[in-house]
Structures are given as C-alpha cells and as structure tokens.
Amino acid sequence: MEEKQDSEKRNFFSILLEEISKSSLTIIILAIFTGLVLGGILAAGTTQEIYEAFDESFSTGITESLKFIWETYSSLFIGSVGNPSKMFSALFSGDSQEIRSAFKPFLESLVVTTPYLLTGVAVALAFQAGVFNIGGEGQLFMGSIMAGWAGWTFKGLPSIIHVPLALSIGILAGALWGFIPGWLKAKTGSHEVINTIMMNYIAFNLSQYLIIGPFQDPNESFKTRFVEESARLWRFFEDPLRLHVGFIIAIVVAILVWYVLYKTTWGFEFRIVGLNPNAAKYAGINSSLITILALTISGAIAGLAGAIEMLGVNFRAVQSLTTGYGFDAIAIALLAKNHPLWVIVTAMLFGFMRQGSRVMQINTGIPIDIISILQGFILFFIAAPAIIRTIYRLKEPKQTEITPQLSGPGEKL
Amino acid sequence: MEESTLIKKKKFQKAETTKTRQRIMGIVFLAIGLFIWFVLSATTPPEAQTLFVMTPGGSSVISPDLKFNSLIVLNFMAGLCVALGIFQIIKGFGKYTNIVLVLVGLMLTVSFLAWAASGTSINVGGMLRIMLMRSIPIVLGALSGILCERAGVVNIAIEGMMITGALVGAMMGSLFGLWAGVVAAIFAGGLIAVVHAVLSIKYKVDQIISGTIINIFTIGLTSYIVTKILQEREWQYLNESGIFMPVSIPILSKIPYIGPILFNHNIFVYSMYILVIVMTIALFQTRWGLRMRAVGEHPKAADTLGINVFRIRYVAVILGGMLAGFAGSYFSLGSAGYFNQSMTAGRGFIGLAAMIFGNWTPVGSFGAGLLFGFAESLATNLALLRFPIPSEILLMVPYILTMIVLAGVVGRSRGPAAAGTPYEKESL
C-alpha cells in the first residue's frame, strides 16, 4: 500500500519535472538566472578588491566574490524595488512621509518602466504582423519633440484639452515615422529594417536641429523651452515622486493591443499576416494594408511613449545622444514572445533594472552598463534555447520549439 | 495565345514604367538646373570671385588654386543641367541615366560650393581629403556587410563589431604597439562574428535578432569597460594608443591635385583601396566568390552541387566580422588615438546603407561611402562658410538618399535572394 503511494508520488513529481523542463517559461527563468550568474562573474572579475582577496587565499577570494555579487544584486534590488525592512516599518508606522520615501524606488521604477512598456508593445505589435520595427527610437524622438512643441506653443488652454492635444500630436508624429517605412515596404518592397534604421537617424538629426534651432529656449542654449503647466501629465503624489498618469495609459494601451490582437477579427488578420503571409493572401487579406497599418500603429505607440516622457517627466528636450529605448524595446518584445500582456512584465523587469542600476553604481561602483550586458546574456540564451538545454540537461520538447522569429507569432505562455 | 498577350502586356507595362522613370529623372535634372539658375545665380553678384584652394592643409605638394568668376560658372552649370534635363525628357540617356545623374549631382555640389564661397575661398582639397578619411569606416563596414549578405547572412551587428574593434584596438595598441592593436581588433571582430555565425547558422536564430543582441551586448560591454576601467587614473595608460602617421606614396603623392588628396594618408586609406579591389576580384572572378554568391542566392541549388553551404557561410561571416573589427580600429588607431564610447556613432549602420546604395558591390559601396563621407566632410566645414543649411539637415541627406535608392526610384537595388533565411539541410 505504502509502496504504491510512493511510486504514484514519484510519478507525479517526475511528470511535473518533465513538464517544467519542457516549458518555455523554464527556459526563460533559467536564461535570466544564467545571465545573472555570468553578469555577476563579470562584475567580480573587473573589480580590484576581488583580485586582492584572491591573492590572500583562494577561499577568501571565493567568499569575497560571492559577497560582492550578493551586494551588487541586492543593491540593484533595493534601488529598484526598495528596502523591504524599511517598507514594512514605514507601513506599520503609518506615517505618510515615511511611506512615500520607502516606496520611492518602486514608484520611480514604474516611471522608468513606462516608455519601455509602450515601445515594447509597439515592437511586439509590429512583430505579430511580421514586420520588424527597429525604428522605435526615432518614433519616440519625434513623438517627444512634437508633443513638446504642442506643449509650449499653445497657451491658455485648459489642461483637459491641452494634454490630449499634445499627446495626439506626439502620436501623429510617431505614426508618420512608422507610416513611411510601412508604406515603402508595401509599395516598393524595400526592407523595413533598413528603412526604420534610416528613419531613426533622420529623426535624430531633425530633433537635434529643432532643439538648437527653431525650438531653442531664448534664454538657454541647447535646450528647448518648458512645456506649459497645462500640458503636463497629472501626477499621483507630491513632488519628489514622479509617478504620473502615463503609466496607467501605458498599461491600458498594452491591454487594448492584446484585446485587439487576440479577440477581434481584425487582430486575427494581423496575426495571420505575421504567421503565414501566403495563407493570408489566399484568405483574401490585404496584407500590404496590414503591413502599413502595423508599422503606423507601432510608430504611433512609440510616439505616445515619447510624448508621455516629455509631458510627464522631462518637460523639455535637451540636446543629447540616443536613449537606447528603441533597441531595448526589441529585447523586451522578444523576452515577452511578442505577447502584449507579457510585455508588461518584461518591461517592468527592464525598467526596474534600469532604475536600480543607479543605486548599484553608487554602492558598488559597477557601471549602469552592466544592465545591457545582462540583457545581452539573457537574450542570447532565450534566442538559442538549445544552449540552455545543453547546460541544464533539459529534454527537447516533442513539439517544435516556437522561438521568436521575424514573422514570429505571439506564443501564449 | 493568352500567355503571349500576357507577356506582351507585361512588356508594355515594363516599358511604361521605364518611360515614367525617364521622365521623372529628366524633370529632376531640369529642376536642379533651374534651382542653380534662379536661386544660386540670382543671389550672386556678377563680379564675385570664388577661390577653390586645392592644396590640403599641411601638404608639401602644392597644387595650383582654382580662381574663377562665380556667376559665369553657376550659369554654365545651370545651362548644362537644363540641357541634360531636356534631352532626358525627350530622348533619354537609356542605360547611362545613372551616370548622368551622378554628373548632375556633382555639378549641383560644385555650384553649391562656388555659390557659398563666392567672394571668399574654400579649401576644396582639404575637404576632399577629409571626405576620404570619413568614408573609411563606412566603406569597410559596407564591405563587411557585402561579405556576409552575399553568403546569405544579414549582419546588422557591424556597429557592435566596430565598437569592439575600436576598444580592443585602443587597449592593445596602448600596450603592445599600433600594429598589435590592429591585429587584436581584427581578431575581436572575428570573435564576435563567430557568435553571430553560430547563432544564425547553427541555431538558426533570426539573423536580425542575433545582430540586435550582439549590438546591445557589445555596446554595453564597451561602455562598461570604459567606465569601470579606462576612466580610472591608474588604468588610463590603457587608452593612449596614438595613431598611425600618414605615409605618402613615393611617386603617386607628387601628382598635383590627386596626389595630396589620395596618396598621403595612413595605412587605413590604402587598405581601403586594396580591399575594394581584392573584394571585387574575389567576389566576381574567383571560384570562391562564385560559390559564395550561389550560397547567397540559392543555397539549396548550391548544396546540390556539393558546395558546403554552412562552411561558406561561416567563413564569410567571420571574415566580415574581421573586416568590421578592422574598420573599428580606424576610429581609435587611425583617427583619434584613444577610445571613446560615442566614436562609432552609427557608422556601422551607415555602412549597411552604403552597401545597399552600392547595390551589394564593393566598387558601388566605395562610391556610396565617398558620397556619405562627403556629406560628413561638408557638415564639418559648414561653420566656416555662411551656409544657409544647418549641418544636422545636411547629415540627414545620406539616410534619405538610401531610402530613395532602396525604394527603387534610382534603378533597382536588389540584395542576395537568400539573405536573412537560415539554411536547413534536408535529410535524405
């Protein structure tokens, strides 16, 4: 009797284990874990104190390295989420001032997440229709600068009109930047990857010109004017906390895109074009129209991201180098397997890492750029799951693995 | 019978589109001519003189300067453009259209310079010399792209390979000398290309995704190393490589006009000349080149003929990566003398644009690289002249031109058919 139960139990566990080892979620978690381990080794390997510890003896070296890696990642956590003990004590004390300061890192991370979330959804949406939008950066730039223009040009408008107006102008600018490569692809067949990259540089040079030219603040060079009070996005808390309504807008957009893609005929056509252009053609779907729409809407969402950054966080444009959102957005979409709802999760992962890395740099001297390295490692393993399977001796799934592809479908996780 | 009418119809359509293209081109020529006439000539005083200084600064070989009456030259250029435009609309230059287009573009540029410098002088020799230097990373990047794409692998990681090459070149150059830096940079580029090759050929990861991952990773890693190590004072000696000095070629550099502009550079320019020639021969005259192009166009057919598709692709991608690494070392060892995170500034992507512009041929990409280099050179010179166009707008021109070319307005530009698709060997 007992024996039988035991074998049943083992059976259950072995089935569970097998299921886990086949699941693509496991691959993602293991990829993140492996990436963090490699990033930790790199961080320790470039720190002088670790070498000094190894000079003393091998075991102190190892313990010092582990301590260092722990410190690095825990300060990354504290910087992005907050100090758990402080958060608890603040909650128990009930002092609103204390609560605000304890939860500040978390709320700030949400602010950083917002553009990631929108650009990630933008790239994922285009991916689902089989087009690759590398132009998120340029669309964001244009959305940002044009929303800013609407923000400081119109004066005396009530907030309820000014904010939507400025946001829509940003959206239109981004949409235009997406429409051009989409139209070119549909009409002439020229590849959207090259065209969106070109549009990035055009947007970059154009916005630089606008910032130091027509839009320049008369009193301060290399910067634009500030957007009017009436065009600024509503904030949830008092001043040091910057969490604004844009985060909610971003979540709503992600859910909306998910609903349209998965619950409407129109979204189905979108995905069919991405999954199998030939099938789409025989089903009578106008795939060139879908291509144009996909890039235009994608551009519009990226433009919205820029507009929200301008009206919610920056309030003015400053002559600068690229922000890197465009390329990170591709990573976010890939990690989420182009599913808009998963983009919320992966965008938060990136946003929290970006926010936390600042604290990490102060505490441990590890530069912010480690985040890009971690992203590179993680994406590398997710793109080639076979490597992860070899490392952890996981079984091949019987079905063919759906890896993110150019014409990749949004796999339901 | 039906088929023959269909073919006729298609032929008719094709003739119709070439006819439209011919007219559009003619109108473009005409418009350029009228622009020179009504905008440039009209705003130039009749007695103004333009001085083109043809000797680059610091050159020992003196080329005589060109001095001319601005208005006469402008009117001449305008008239010629208008004449070419009218001929193009009525009769058409046929297959020479693109050559005429280049000619008209050159005339527009010369007119522009003559107009902007009317009453003063402009160092055209120096500008051309800088153009050549600015075009090095673009042309080498384009050659790297050609190698990969001709074998059927899209490589948008050229930027990442370049920035790695620049960093490794600077560090190894500081430690072991300039030549060691170059070798190390080539090696580093090749190493990253191995990752790209394994991901995209063995694991069949989407090539654009693989390239994007490499770009994210390398840009992060180089920036990390700079902030963590090179910015510390005790490690600063790792980032002081210095640069290759110009070597003038004995007889060629003495030729007036051409010599100081073309043959008084450091090794990177000469390498560029040699690589363009070698690549052209290798691609179009050797068995290896034929095989590579076959793999890029139709891998299955190539495989049937016993060509090892995977091996050809691996070799091409790794060679391409080495070229990109070499291109990167130009930034640190050929131009700046140290590494700086923003030094590549998207040149890898412009290289890809030059590749498309040059229709996936080394010579064409060289021409495109020169054009893009000229735009950069002009943009840096703008401050000296009172140009009405801001440099940012001018720097947009290469990108816009690339999109126009890619859209097929200026003749058809078509890449290798199999570029971007992983090859799956069918089991027997």
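We did not get these values from a lab; they are worked out from the coordinates using the rules stated. Just so we're clear, the structure is a prediction, and the values are computed from it rather than from any experiment. Virtual Cβ from ideal backbone geometry, glycine too; neighbours counted across all protein chains shown.
A compact table of results
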| item | result |
| --- | --- |
| Those residues of the range A:230-256 whose amide nitrogen sits under 18 Å from the label point placed on A:Val359, 7 Å along Cα→Cβ | A:240-243 |
| Ranked packing of A:355-363, A:208-216, most packed first, by mean Cβ within 10 Å | A:355-363, A:208-216 |
| Sorted by Cβ density within 10 Å, fewest first, the residues B:Asp65, B:Asp303 | B:Asp65, B:Asp303 |
| Only Lys, Arg (+1) and Asp, Glu (-1) charged, at Cβ; the protein assembly as shown dipole about Cα centre in debye | 2960 debye |
| Sum of -39500 (n - 2.57) over DSSP H runs of 4+, divided by residues of chain A (222 nm, nearest 500) | -25000 deg cm²/dmol |
| Two-site label geometry, A:Arg100 and B:Val247: point separation in nm, points 7 Å out along Cα→Cβ | 6.8 nm |
| Neighbour-count ranking [beta-carbon atoms within 10 angstrom, fewest first] of B:Val182, A:Val253, A:Val123 | A:Val253, B:Val182, A:Val123 |
| Span from the the range B:326-400 Cα centroid across to the the range B:267-307 one, whole angstrom | 25 Å |
| Computed magnitude of the charge dipole of chain A (debye, nearest 20; Cβ of K, R +1, Cβ of D, E -1) | 1260 debye |
| DSSP loop GluC sites (Glu not before Pro) with at most 15 other Cβ within 10 Å excluded, longest remaining stretch of chain B | B:48-231 |
| Helix-only CD estimate at 222 nm, as mean residue ellipticity for chain B, using -39500 (n - 2.57) per DSSP H run (n ≥ 4) | -21500 deg cm²/dmol |
| Among A:Ile297, A:Ile169, A:Ile255: highest mean-square fluctuation, GNM of chain A, C-alpha pairs under 10 Å | A:Ile255 |
| Cα shape, the range A:87-142, gyration tensor, a/c 1.5 rule | prolate |
| Overall form of chain A per C-alpha gyration tensor (a/c, 1.5; a/b vs b/c) | oblate |
| Gyration tensor verdict on the protein assembly as shown (Cα atoms; rounded if a/c is under 1.5, prolate if a/b is larger than b/c, oblate otherwise) | rounded |
| Charge dipole of chain B about the Cα centre (unit charges at C-beta), most positive-ward option of B:Ala316, B:Ala301, B:Pro56 | B:Ala301 |
| Distance in nm between pseudo-label sites at A:Glu220 and B:Thr304 (7 Å out along the Cβ direction from Cα) | 6.8 nm |
| Virtual spin-label span in nm between B:Ile99 and A:Glu52, 7 Å along Cα→Cβ | 7.1 nm |
| Kyte-Doolittle at least 0.0, axis length at least 20 Å by Cα - qualifying DSSP helices, chain B | B:70-90, B:97-116, B:124-150, B:158-176, B:178-197, B:207-225, B:267-285, B:309-329, B:362-381, B:391-406 |
| Charged-residue dipole, Cβ positions (Lys, Arg, Asp, Glu), the range B:126-406 about Cα centre, Debye nearest 20 | 540 debye |
